[in-house]
Every structure is written in structure tokens, then in C-alpha cells.
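Q: Below are the C-alpha cells for one structure; questions will follow.
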Amino acid sequence: MRSTLPRLALRLALVVILVAANLWLAFWLRDFAAEMAAQGRMDLLGATLAGLLLLYAVVLAIPFVPGAEIGLALLMAHGATAAPFVWGATALGLILAYAAGRALAAPRTCRAIDRMGFNRAAAALGRLRETDPDTRLRRLEDSVPRWARGWVLRRRYLLLALLINLPGNSLIGGGGGILIAAGLSRLFRSAPVLLTLVLATAPVPLLLMILGPGILP
């Protein structure tokens, strides 16, 4: 027991450091975009903007990151000209998170997690992978209130879109955490998820392109 406590403390410390580093990177990205907007820097295009958007997509895929705020800051900094690129980067980041969730239950990933010492997590992922879709649907049905069961199961892609756009969703994992959970559940097919993400991330960039920067706060 004594020998396992230091290892557990080390793992928890590593997780805390990783989460803190991700959050710092997310807030730095948001503040950097906001500073560019305050300075009127509309010339940050080309490779610099492409790198910023790629970083934004990667950060957005991380659970508990306030992705909506970062995307809004990027739109404020660069206006309608960057709106389609921010839209694409937002969808890409969420797709990466969904793909990560799908990959987590893969046998190779489970073995890697087990070698790291997270035996229970590896076993849980293995059991999830071996469970057939009908059983997973029944478990999902049992986990929600009776009055909402039919709606949640039949319209789960719509529910996914609503959760992505829910204000303050970083408290429940953010877009990245939500999509990792969706991929991990294996209850969402890839093609409908891709279409859902493209449509769910479209409203603000499309309005900005159509109506101009006046819609932004």
C-alpha cells in the first residue's frame, strides 16, 4: 500500500500539470487574439494565422478548454476574412477530439494505458470496446430520466450540437471533452458526427461573413 501511494501521487501530479499547461495555453491563445484585436492588427495573416488556427484546433480538442471564447477572440481579431478559417479550425479541433475518443478504446491504446499503471482505466476501456452497441444504448437509456429517454436516444446528434454550443460547457468538459466522450461511447457514427460538427460550428462565422463584424460584442 505504501509503495503505491507515491506512484498514485506522481500520476495525479502529472495529470494536474498537464491540465494546467493546457489551460494556460488556451488562455494565452485567447489573450493573444484579443490583444491583436485591441491593437487593430488585421495583418496577421498567412503562415502566422495558419499556425495560430492549427494551435487553436489542437487546444480545442483538449477537455475542459473554453473553446468558444478562444474562437470568438480570433474572430474579433481578424473579422470576416478569417471567419471561414476559424470555422474550419473549430470543426477540425472537435473532429480530432472525437477521433481521440474512438482511439482510446483500441486494443493498442488499452495496452499502453495498462503499461502506464492505469490498470482500472485500461480494463474499463476494454470492457467498453467489447460491449455491443445495443447494450451501450440500453445503458445510456438507463442513465437518463425516463421522460427524456426517447428524445435523447433518437435525437442524440441534435443533443450533441446543443451541448457544443451550450454557454459555459467547459464546466462539463468543453467541446473537446464532449466529443471525446461521444467517440468513446461508440454510439455516434463518424459521417453524421462530421456533418453535425460542421453545422453546429457554422452560425457565428456565417453571420459574421453575411452581416459583418457588427454582430460581435
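Q: Can you compute the FRET efficiency between residue 120 and residue 211 using 1/(1 + (r/R0)^6), with r the Cβ-Cβ distance and R0 = 41 Å? Round to the nearest 0.05.
A: Computed FRET efficiency for residue 120 and residue 211: 0.20.
Q: With every protein chain kept in the model, how would you rank 120, 138, 108 by accessible area, 1.4 Å probe, largest at the top?
A: Putting 120, 138, 108 in descending order of accessible area: 120, 108, 138.
Q: Solvent-accessible area per residue for region 166-217 at a 1.4 Å probe radius, Å²?
A: Value returned for region 166-217: 51 Å² of accessible area per residue.
Q: Using packing as a proxy for protection, rank 174-181, 186-193, 83-90 so that the peptide with the highest average count of other Cβ atoms within 10 Å comes first.
A: The densest-packed peptide leads the list: 174-181, 83-90, 186-193.
Q: Set the Förster radius R0 to 30 Å, insert the Cβ-Cβ distance between residue 153 and residue 24 as r into 1/(1 + (r/R0)^6), and round the FRET efficiency to 0.05.
A: 0.20
The values are calculated or read from the model by the stated rules, or taken from the named source; none is laboratory data. Please read these numbers as outputs of a predicted model, since none were measured by experiment. Neighbour counts are summed over all protein chains in view; Cβ atoms, including those assigned to glycine, are modelled from backbone coordinates with ideal geometry. Remember, those area values only see protein heavy atoms, side chains included, never the ligands or the DNA or RNA. Shrake-Rupley method; radii C 1.70, N 1.55, O 1.52, S 1.80 Å.
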